[in-house]
Amino acid sequence: MADVPGRRGFPQVASGAIIDPYWIPICGEVTVPVNLSIKNVPDEWADRLRERATESHRSLQGELMAILEEAIHGPPNLSPQEALATVRNWGIETPATAADTLRAERDAR
(Lines give C-alpha, C1' and ligand atoms only; values in the text may rest on other atoms or scores of the structure.)
Protein backbone atom coordinates (compact mmCIF):
# COMPACT_ATOMS: atom_id res chain seq x y z
CA MET A 1 0.00 0.00 0.00
CA ALA A 2 1.24 3.45 -0.86
CA ASP A 3 0.23 6.89 0.32
CA VAL A 4 -2.02 8.79 -2.07
CA PRO A 5 -0.94 12.33 -2.89
CA GLY A 6 -3.28 14.74 -1.14
CA ARG A 7 -4.73 11.98 1.03
CA ARG A 8 -1.91 11.62 3.57
CA GLY A 9 -2.42 8.65 5.83
CA PHE A 10 -5.01 6.91 3.62
CA PRO A 11 -3.45 3.80 2.05
CA GLN A 12 -4.09 2.77 -1.53
CA VAL A 13 -4.31 -0.84 -2.75
CA ALA A 14 -3.09 -2.17 -6.09
CA SER A 15 -6.48 -1.49 -7.73
CA GLY A 16 -6.07 2.20 -6.92
CA ALA A 17 -8.87 2.24 -4.34
CA ILE A 18 -8.28 4.44 -1.33
CA ILE A 19 -8.80 2.60 1.95
CA ASP A 20 -10.40 4.57 4.76
CA PRO A 21 -8.72 3.51 8.01
CA TYR A 22 -12.10 3.18 9.74
CA TRP A 23 -12.75 0.06 7.64
CA ILE A 24 -9.51 -1.74 8.54
CA PRO A 25 -10.18 -3.99 11.52
CA ILE A 26 -7.43 -4.79 13.97
CA CYS A 27 -6.99 -8.26 12.44
CA GLY A 28 -5.74 -6.59 9.25
CA GLU A 29 -8.47 -7.76 6.87
CA VAL A 30 -10.12 -5.02 4.84
CA THR A 31 -13.91 -5.19 5.01
CA VAL A 32 -15.64 -2.42 3.11
CA PRO A 33 -19.43 -2.25 2.74
CA VAL A 34 -20.54 -2.19 -0.88
CA ASN A 35 -23.05 0.24 -2.35
CA LEU A 36 -25.19 -1.35 -5.07
CA SER A 37 -27.05 0.53 -7.76
CA ILE A 38 -29.69 -0.87 -10.09
CA LYS A 39 -30.42 1.18 -13.19
CA ASN A 40 -33.42 1.15 -15.51
CA VAL A 41 -35.84 -0.47 -13.07
CA PRO A 42 -39.28 -0.62 -14.72
CA ASP A 43 -41.77 1.78 -13.12
CA GLU A 44 -44.18 -1.01 -12.20
CA TRP A 45 -41.38 -2.85 -10.34
CA ALA A 46 -40.38 0.29 -8.46
CA ASP A 47 -44.04 0.94 -7.57
CA ARG A 48 -44.45 -2.62 -6.30
CA LEU A 49 -41.26 -2.35 -4.23
CA ARG A 50 -42.56 0.87 -2.66
CA GLU A 51 -45.87 -0.87 -1.88
CA ARG A 52 -44.03 -3.81 -0.28
CA ALA A 53 -41.94 -1.42 1.78
CA THR A 54 -45.05 0.39 3.00
CA GLU A 55 -46.81 -2.90 3.82
CA SER A 56 -43.77 -4.03 5.81
CA HIS A 57 -43.40 -0.64 7.55
CA ARG A 58 -39.92 -0.23 6.07
CA SER A 59 -38.15 2.32 3.96
CA LEU A 60 -37.43 1.35 0.35
CA GLN A 61 -33.80 0.78 1.37
CA GLY A 62 -34.91 -1.43 4.27
CA GLU A 63 -37.20 -3.46 2.01
CA LEU A 64 -34.43 -4.02 -0.54
CA MET A 65 -32.07 -5.12 2.25
CA ALA A 66 -34.74 -7.56 3.52
CA ILE A 67 -35.15 -9.00 0.00
CA LEU A 68 -31.38 -9.44 -0.35
CA GLU A 69 -31.14 -10.97 3.13
CA GLU A 70 -33.79 -13.57 2.32
CA ALA A 71 -32.26 -14.28 -1.09
CA ILE A 72 -28.86 -14.91 0.48
CA HIS A 73 -29.82 -16.63 3.72
CA GLY A 74 -33.20 -18.09 2.78
CA PRO A 75 -36.50 -17.66 4.56
CA PRO A 76 -36.53 -17.91 8.34
CA ASN A 77 -36.96 -21.40 9.79
CA LEU A 78 -40.22 -21.45 11.72
CA SER A 79 -41.27 -24.05 14.24
CA PRO A 80 -44.63 -25.70 13.52
CA GLN A 81 -46.20 -23.54 16.23
CA GLU A 82 -44.75 -20.34 14.72
CA ALA A 83 -45.93 -21.36 11.24
CA LEU A 84 -49.44 -22.04 12.54
CA ALA A 85 -49.50 -18.69 14.37
CA THR A 86 -48.37 -16.91 11.20
CA VAL A 87 -51.10 -18.58 9.12
CA ARG A 88 -53.73 -17.73 11.74
CA ASN A 89 -52.53 -14.10 11.79
CA TRP A 90 -53.32 -14.04 8.08
CA GLY A 91 -56.88 -15.00 8.97
CA ILE A 92 -56.64 -18.53 7.56
CA GLU A 93 -58.40 -21.13 9.70
CA THR A 94 -59.34 -23.87 7.22
CA PRO A 95 -58.30 -25.09 3.76
CA ALA A 96 -61.40 -23.37 2.39
CA THR A 97 -60.37 -19.97 3.77
CA ALA A 98 -56.85 -20.57 2.41
CA ALA A 99 -58.28 -21.19 -1.07
CA ASP A 100 -60.54 -18.12 -0.79
CA THR A 101 -57.57 -15.97 0.23
CA LEU A 102 -55.45 -17.20 -2.67
CA ARG A 103 -58.29 -16.64 -5.16
CA ALA A 104 -58.86 -13.11 -3.87
CA GLU A 105 -55.14 -12.28 -4.18
CA ARG A 106 -55.02 -13.76 -7.68
CA ASP A 107 -58.13 -11.89 -8.82
CA ALA A 108 -56.80 -8.61 -7.41
CA ARG A 109 -53.87 -8.70 -9.85
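The values are calculated or read from the model by the stated rules, or taken from the named source; none is laboratory data. Being a predicted model, the structure only gives us computed values, none of them experimental. Note: ideal-geometry Cβ built from the backbone for every residue, glycine included; neighbour counts use all protein chains shown. Keep in mind that these areas ignore ligands, DNA and RNA; they rest on the heavy atoms of the full protein, side chains included. Shrake-Rupley method; radii C 1.70, N 1.55, O 1.52, S 1.80 Å.
Only one of these is surrounded by fewer than 11 Cβ atoms within 10 Å (Cβ to Cβ) and of a type in the set (A, V, I, L, M, F, W, C): 85, 99, 104, 66. Name it. Walk me through how you get there before you give the answer.
On the way: 85 fails: surrounded by fewer than 11 Cβ atoms within 10 Å (Cβ to Cβ); 99 fails: surrounded by fewer than 11 Cβ atoms within 10 Å (Cβ to Cβ); 66 fails: surrounded by fewer than 11 Cβ atoms within 10 Å (Cβ to Cβ).
Just a single option satisfies the conditions, and that option is 104.
If residue 74 passes every condition in (1) at pLDDT 75 or above; (2) open to solvent by 100 Å² or more (accessible area, probe 1.4 Å) but one, which one does it miss?
Tallying (1) at pLDDT 75 or above; (2) open to solvent by 100 Å² or more (accessible area, probe 1.4 Å), residue 74 fails exactly one: (2).
Output yes when any residue across region 39-62 is at pLDDT 60 or above, open to solvent by 60 Å² or more (accessible area, probe 1.4 Å) and of a type in the set (A, V, I, L, M), and no when none is.
Pass one, region 39-62, residues at pLDDT 60 or above: 39-62.
So of that shortlist, the ones also open to solvent by 60 Å² or more (accessible area, probe 1.4 Å) come out as 39-40, 43-45, 47-48, 50-52, 54-55, 57-61.
Checking which are of a type in the set (A, V, I, L, M) leaves us with 60.
So far as region 39-62 goes, yes, one or more of its residues are at pLDDT 60 or above, open to solvent by 60 Å² or more (accessible area, probe 1.4 Å) and of a type in the set (A, V, I, L, M).
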